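Below is one structure, written out as structure tokens, with a few remarks after it.
The values are calculated or read from the model by the stated rules, or taken from the named source; none is laboratory data. Worth saying up front: this structure is predicted, and the values here are computed from it rather than measured. Because the Cβ atoms are built from the backbone with ideal geometry, glycine has one as well, and the counts that use them run over all protein chains shown.
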Amino acid sequence: MMEPAIALFGGTYEKAARILEELLRESGARYGLLLDRKGFVLAHKEAIWAPRPPALDSLATLIAGNAAATQALAKMLGEPRFSELLHQGATYSLHVEEVGDLALLAIVFDNSVPLGRVKLLGKRAAQALEAITKDAVVPPGTLGIDREYRDRANALLDELFGN
């Protein structure tokens, strides 16, 4: 069975990006990513002063896989779920918060930022993003190229290749 997808574009994407931008500004974190549970980046922001971010697609895939493994651990321990993940390093840390059932909010921050601030502001951002992602859910089978676009693209390809 195919899972529903989240499609953020236009004004919906801009709303999500503003929430991430506000999160970074208020928390002092470096990067904020909204991703679906399959590991696709839906929206991201980086602090103006932050160095070039890591490969976001790879980061999102690993975060989603880690979240799935952590949910399996929660079930093994008799918990319905663990709603947040935290990885702390010597210099950088990663906080992941659930955004409803279909998405995750990942926040990358350094050791100058208090963890409590990241958790508090991350929870607030996740709640705001949940409302946005709920409205952006696309049922399986409806996401794709519409007929008019497909027909025009096929005609253009036929013309290009002389068919």
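Can you name the condition, by its number, that Leu129 falls short on among (1) over 22 Å from Thr70 (Cβ atoms); (2) under 16 Å from the mean Cα position of the chain (by Cα); (3) surrounded by 15 or more Cβ atoms within 10 Å (Cβ to Cβ)?
All conditions pass for Leu129, except number (1).
Which one is modelled with the highest pLDDT among residues in region 132-147 that are exposed (fewer than 11 other Cβ atoms within 10 Å of the Cβ) and part of a loop (DSSP other than H, G, I, E, B)?
Only one residue fits best here, namely Pro139.
Just to be sure I understand, how many residues within region 102-122 are assigned to a helix (DSSP H, G or I), touching a strand residue (DSSP E or B) at 6+ places or on another chain (Cβ under 8 Å) and not aliphatic (A, V, I, L, M)?
So the count comes out to 2.
What are the pairs with Cβ atoms under 9 angstrom where one residue, in region 113-125, is closer than 8 Å to Ala29 by Cβ and without any contact (Cβ under 8 Å) to a residue 60 or more places away in the chain and the other, located anywhere, is of a type in the set (D, E, K, R) and assigned to a loop (DSSP other than H, G, I, E, B)? Sequence gap at least six, or different chains.
none
Could you give every pair whose Cβ atoms fall below 8 Å, whose first residue belongs to region 27-44 and is in contact (Cβ under 8 Å) with a residue 24 or more places away in the chain, and whose second residue is among the aromatic types (Phe, Trp, Tyr) and part of a strand (DSSP E or B), counting only separations of at least 6 or pairs across chains?
These pairs meet every condition: Ser27/Phe109; Gly28/Phe109; Ala29/Phe109; Arg30/Tyr92; Arg30/Phe109; His44/Tyr31.
Residues are listed down the side, and each one gets a yes or a no for (1) of a type outside the set (Asp, Glu); (2) over 20 Å from Ala47 (Cβ atoms); (3) in contact with a Pro (Cβ under 6 Å, 6 or more places away or on another chain):
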| residue | (1), (2), (3) |
| --- | --- |
| Pro80 | yes, yes, no |
| Gln88 | yes, no, no |
| Thr91 | yes, no, no |
| Val108 | yes, no, no |
| Val113 | yes, no, no |
| Gly116 | yes, no, no |
| Ala126 | yes, no, no |
| Leu129 | yes, no, no |
| Val137 | yes, yes, yes |
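Listed residues Thr70, Thr12; which is modelled with pLDDT of 90 or more, among the hydroxyl-bearing types (Ser, Thr, Tyr) and out of contact with any Pro (no Cβ under 7 Å at 6 or more places or on another chain)?
Thr70
When the residues of region 93-124 are narrowed to those that are in contact with a Lys or Arg (Cβ under 7 Å, 6 or more places away or on another chain) and surrounded by fewer than 18 Cβ atoms within 10 Å (Cβ to Cβ), which ends up modelled with the lowest pLDDT?
Residue satisfying both the conditions and the ranking: Gly100.
Which condition breaks for Met76 when tested against (1) under 21 Å from Ala16 (Cα atoms); (2) loosely packed, with under 14 Cβ neighbours inside 10 Å; (3) hydrophobic (A, V, I, L, M, F, W, C)?
Going through the list (1) under 21 Å from Ala16 (Cα atoms); (2) loosely packed, with under 14 Cβ neighbours inside 10 Å; (3) hydrophobic (A, V, I, L, M, F, W, C), Met76 breaks only (1).
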